[in-house]
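Derivation of every value follows stated rules applied to the coordinates shown; laboratory data play no part. Keep in mind that what you see is a predicted model, and the values were worked out from it rather than measured. Don't worry about glycine lacking a Cβ; one is built from the backbone with ideal geometry, like all the others, and counts go over all protein chains shown.
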Amino acid sequence: MMEKELRTLMLGALDGNAESYRYFLQQASSLLRAYFRRRLTAAPDEVEDLLQETLLAIHAQRHTYRRSEPLTPWLYAVARYKMIDCLRRRSRYEALNDPLDDEAEWLAATDEEAYESKKDLGRMLEVLPVHQRLPIQYTKLDGMSVAEAAAMTGMSVSAIKVGVHRGMKALAKIWKEQA
Amino acid sequence: MKTDELIKMLATGVSPVRSLMAEKLIGMALLAGSVISLILLWMIYGIRPDLGEVSTSVAFWMKLGVPLASVGIGLVLIFILAHPGKRPGIGYWALVIPVAVLWAWAIWTWAAADPGIRPELLWGKTWKVCILNITFLALPVGAAILFALRRLAPTRPVLTGAIAGWCAGGAGASVYALHCPEMAAPFLAVWYVLGMMVPSAIMAYLGHRCLRW
C-alpha cells in the first residue's frame, strides 16, 4: 500500500507536479526518520541531519529512479547509502575525538518534536557561485517562476534552469561538509 | 533548518525529470572512448599488416572475443550498479566466464605443446609492453565511463569502479588485439588478463575517489 501510494506521488513529481512532490517528500521523511532512528540509536540528534542530507540526495538523484520499477527499494537504497556514509564519517571523527564528552550533549539535545537539523541553509548558499545561488534563491526560496527569475537576474531561462540543477547538486555535496 | 522548510524548498518550482537512460549514457561513453582508442592505435601503433589473413583464424577471434565478452558482461553489471536498489539478475561470477574459457584454452595449448617451445608460448616477443599498451588504450574508455557514472548513483562506488575498469580494460585489449602480433593462448591468458586487471584496479581507486555522491 505504502509502495503504491508513494510511487504514484513520485511519478507525479517526476512529471513536475510540485504538490505531489512535496507530499511525497513528507511521506518519505516519516518513513526514513523511523528507519534512521532504529539504526542510529547511539546518536539520535544526528537523525534529522542525516534525513535532510538524504532528502537532498533523493532530489539530486531522482533521475536514477526508473518509472517502471518499484520505488521503495530505490528509496531505501539511497537512504542506506547515505547512512553508511554518515556512519563512516562519524567513526573517523570519533577516532580523532573523545566521544565521551559529547554523550551528555546528545542526550540533552534530543528533542522528539523539533524535526530540525543543525545545518544552516543560508550559510551553505553563500558558498555557491552567484549563477547558482541566485536561481536557487529566486525560484526555490522566493517561489518565483523561471521566467521571473530570468528577468530579475538578466540571465537566460536555460541558464536559470541549469543554475538550479547544478546548484542543488552542489548543495547536496556541501551539506555533508558543513559541521 | 527545519525539515519541512527543506521539503518546501525542494518541491518549489520543481522541474519535470526526463528519465535519463543509463544505458544510453554509458553506451555512448563506451562508444566514444573506443573510437578514441582506435584512433590512438591507428596513429601510434598501427594495425597489424596481416590482419586480413589472421582474421580467418580461430585464435584471432578468441583473442578478440574474450575481451569483448568481458566488456559485454561488465556493461550489464554496471547498468545495474548505477541505479540504487537494483539487484543484479546475473551474478558477479559471470565476469569470470570469458577468462575461464581463455585459461582452459591456454592450459590445453600448454599441455599439448612440446616443452621446448613453451617459453615462447608464454613470453612471446612483446610481453614487456603488453600490459602497458592495453592500459594506455583503456584510458579513454575508462575516463568516458567514469564521467557517465558520475551522473548516476552507484551505491557501491569501489565495485562499480572496478567493473567499469574491467570493461575499459576489455575494450583496450580488444583494440590492442588489432595491432598485437601474439597468437599463443598462454600469452593471452597471462598478459591480456593482467592488462585488463590494471585498469580495473585503477578504476576501483577512482571509484572510491570520484563516484561518491
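When only Cα pairs below 8 angstrom with a gap of at least 6 residues are kept, chain B shows a relative contact order of 31 percent.
Estimated from the Cβ-Cβ distance and a Förster radius of 56 angstrom, the FRET efficiency linking B:Asp4 and B:Val58 is about 0.25. What you get for chain A, charging only the Cβ of Lys and Arg (+1) and of Asp and Glu (-1), is a dipole of about 1080 debye around the Cα centre. Given their separation in residues at 0.36 nm each and the Cα-Cα distance between them, B:Phe147 and B:Arg209 gain 21.0 nm when the chain is fully extended. Neighbour counts of other Cβ atoms within 10 Å put B:Val101, A:Val47 in the fewest-to-most order B:Val101, A:Val47. Across segment A:121-177, C-alpha contacts under 8 Å between residues 6 or more apart give a mean separation that, scaled by the residue count, equals a relative contact order of 42 percent. Of the DSSP H helices in chain B, those that are both long (alpha-carbon extent of 30 Å or more along the helix axis) and hydrophobic (Kyte-Doolittle mean at least 1.6) are B:58-81, B:127-150. Between A:Ile84 and A:His131, the distance separating the two model label sites (each 7 Å from Cα on the Cα→Cβ line) works out to 3.6 nm.
Taking the charge dipole of the protein assembly as shown about its Cα centre, with +1 at Lys and Arg Cβ atoms and -1 at Asp and Glu Cβ atoms, the residue from A:Phe24, B:Ile117, A:Met168 reaching farthest to the positive side is B:Ile117.
The protection proxy used here, the mean number of other Cβ atoms lying within 10 Å of each residue, ranks peptides A:87-96, B:53-62, A:128-137 as follows, highest first: A:128-137, B:53-62, A:87-96.
The lysines whose alpha-carbon is closer than 25 Å to the alpha-carbon of B:Lys24, local same-chain residues fewer than 8 away aside, are A:Lys161, A:Lys169, B:Lys86.
Charging the Cβ of each Asp and Glu at -1 and of each Lys and Arg at +1, and nothing else, the dipole of segment B:22-210 about its Cα centre rounds to 740 debye. Using a Gaussian network model of chain A whose springs link C-alpha atoms within less than 10 Å, name the residue from A:Leu14, A:Leu55, A:Leu141 with the highest mean-square fluctuation. Maximum among the listed residues: A:Leu141.
Its relative contact order, with pairs defined as Cα atoms under 8 Å and 6+ residues apart, puts chain A at 21 percent. Note on the protein assembly as shown: Kirkwood hydrodynamic radius from all Cα pairs is 23.8 Å, rounded to one decimal. Between 0 and 90 degrees, rounded to the nearest ten: what's the tilt of helix A:72-96 against the longest Cα principal axis of chain A? Compared with the principal axis, the helix lies near 50 degrees. Think of chain A as having a plus end and a minus end, set by charges on the Cβ of Lys, Arg, Asp and Glu; of A:Thr54, A:Ser156, A:Thr139, A:Ser156 sits farthest toward the positive end of this dipole. Across B:Ala171, B:Ala162, B:Ala94, mean-square fluctuation computed from a Gaussian network of chain B (C-alpha pairs under 10 Å connected) peaks at B:Ala94. The base-10 log of I(q)/I(0) for segment A:121-177, evaluated at q = 0.12 Å⁻¹, reads -0.23 [Debye formula, identical scatterers on Cα atoms, solvent excluded].
Magnitude of the charge dipole for the protein assembly as shown, about its Cα centre and with charges confined to Cβ atoms of Lys, Arg (+1) and Asp, Glu (-1), is about 900 debye.
If you build a Gaussian network model of chain B, linking Cα atoms that sit under 10 Å apart, which residue out of B:Trp110, B:Trp166, B:Trp93 swings the most? Result for chain B, Cα springs under 10 Å: B:Trp93 fluctuates most. Shielding by partners for peptide B:84-93, expressed as the average number of C-beta atoms from other protein chains within 10 Å of each residue's C-beta, is 4. Here A:Cys86, B:Cys180 are placed in order of increasing Cβ neighbour count within 10 Å, fewest first, which gives A:Cys86, B:Cys180.
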